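One structure below.
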Amino acid sequence: MDSSISFKEYIDRINVKKSSVVTIGNFDGLHLGHMQLIERTVEIAKKEDLLSIIFSYEVHPKNVLYKKLVHMIMPHEEKERILFEKGISTVLFAPFDESLQSQSAKQFCDEVLIEKLKAKYLVMGEDARFGKEMLSAPKIKEYLESKGVKVELIPLLSQDGIRISSSKIRDLVEKGQLDLAEQYLGRPFSIIGKVIHGKKIGKSIGFPTANMELEKDQVLPERGVYETRVYYKDKVYQGATSVGKNPTFGENPVTVETYILGFDENIYGRSIKIEFIRKLRGEIAFSSKAALMEQMEEDVKRIREHY
């Protein structure tokens, strides 16, 4: 996506040739609540012979509205992969800029949903709001249905009285509560990224690690060592992943480094996926390399035994 273009320019370029069913949102993480909307969208599209369209945003709206960096659960590429796998026809990541912010909900309905996306149905959460006046979902439904567009409002999903949301999952990940994050996501929390050169600390202690390139807005688990699964070239490996600053070796930036068990390939510049299974321990500043090596051997032993 060309981030230099405006929302208006992006919309002008859309060329939908067939009537559609649309669902709108950021969909970060594609958690169980999101999947209700996705599944219903695909179901209507199949039944009515319509295109199924996800209308999302290039950046999280809060980044623009509140000048706040929202840490993301999932990159766009992974989001697209899962959405296409679930049967969505078209995924749009529109710029979120002033030209969108200044648009009323009715303008958005008329100019984007009806005119450009040829929407015959809209599926959205019952708490959805959009337009500069933040028009509520029932009001949007009323307006669109007066224009001949059918609207389905999907109830919010809760478990044990807690509403499932992307912000809740971010909080759980950052606190290292990966079991509950996995429960809400419907899959383990994961990170995808390119392997880059690091300081070769792992290699120096006999545990060479794959150091991942991180986006500045990537949400990370709290510092510590985790049992992980590593996906590379359609194969799955066990991994011991450190999230932290390597305090044994002085002051360092936060990195995500993975020792891949039973693996000995040069994968610099290649993309891997790290799936977090459980936390083994917190981050520790060891008194010596020998003490760190001893602990790493124990970490790897626990991972092998768990498998």
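No value in this document is a laboratory result; all are computed from the given coordinates. Bear in mind the structure is a predicted one, so any value in this text is a computation, not a measurement. No Cβ is skipped: glycine too gets one built from the backbone with ideal geometry, and neighbour counts run over all protein chains shown.
Can you give the FRET efficiency to the nearest 0.05 for Lys132 and Lys47, using r as the Cβ-Cβ distance and R₀ = 41 Å? Here the calculated transfer efficiency is 0.75.
Here is the list for the stretch 231-300: chymotrypsin sites (Phe, Trp or Tyr not before Pro) lying in DSSP coil, each with at most 12 other C-beta atoms within 10 angstrom of its C-beta, are Tyr268. For a test of the definition: using alpha carbon positions, the gyration tensor, and the 1.5 limit on a/c, classify the chain as rounded, prolate or oblate. The shape class here is prolate. Enter the angle in degrees (range 0 to 90, nearest 10) between the Cα long axis of helix 137-146 and the first principal axis of the Cα atoms of the chain, meaning the one along which they spread out most. Its long axis makes an angle of about 40 degrees. Give me the distance between the Cα centres of the stretch 160-179 and the stretch 243-307, rounded to whole Å. Measuring centre to centre over Cα atoms gives 24 Å. Is the C-alpha gyration tensor of the stretch 10-157 telling us rounded, prolate or oblate? Criteria: a/c under 1.5 is rounded; beyond that, a/b larger than b/c is prolate, otherwise oblate. Rounded shape, in that the Cα axes give a/c under 1.5. Sparsely packed loop sites in the stretch 256-293 (the trypsin sites (Lys or Arg not before Pro) outside DSSP H, G, I, E and B with at most 14 other Cβ atoms within 10 Å) comprise Arg270. Taking other Cβ atoms within 10 Å as a rough exposure proxy, Asp97, Asp110, Asp217 sort from fewest to most as Asp217, Asp110, Asp97. If R0 is 25 Å, the Cβ-Cβ spacing of Phe286 and His306 corresponds to a FRET efficiency of close to 0.65. With contacts taken as Cα pairs under 8 Å at a separation of at least 6 residues, the stretch 10-157 carries a relative contact order of 29 percent.
Taking the longest Cα principal axis of the chain as reference, the axis of helix 289-306 is set at about 60 degrees.
If contacts are Cα pairs under 8 angstrom and at least 6 residues apart, what is the relative contact order of the chain in percent?
Reported as a whole number, the value is 16 percent.
Exposure proxy shown here: for Ser158, Ser104, Ser4, the number of other Cβ atoms within 10 Å sets the order, fewest to most, as Ser4, Ser158, Ser104.
Taking amide H positions as modeled 1.01 Å from N, with prolines and chain starts lacking one, the residues under 5 Å from Phe96 and 5 or more places away or on another chain are Glu58, Val59. Per-residue extension of 0.36 nm, minus the Cα-Cα distance of Gln177 and Lys245, leaves a gain of 22.5 nm for this segment.
Restriction of the GluC sites (Glu not before Pro) in the stretch 228-307 to DSSP coil positions whose beta-carbon has at most 10 other beta-carbons within 10 angstrom yields Glu251, Glu265. Rounded to the nearest 10 degrees, the angle from helix 76-85 to the longest Cα principal axis of the chain is 70 degrees. Only the Cβ atoms of Lys and Arg (+1) and of Asp and Glu (-1) were treated as charged; on that basis the dipole of the stretch 10-157 about its Cα centre amounts to roughly 180 debye. Between Glu9 and Lys68, the FRET efficiency estimated from the beta carbon spacing at R0 = 30 angstrom works out to 0.75. The mean sequence separation of alpha-carbon pairs under 8 Å and at least six residues apart, normalised by the residue count of the stretch 189-306, gives a relative contact order of 33 percent.
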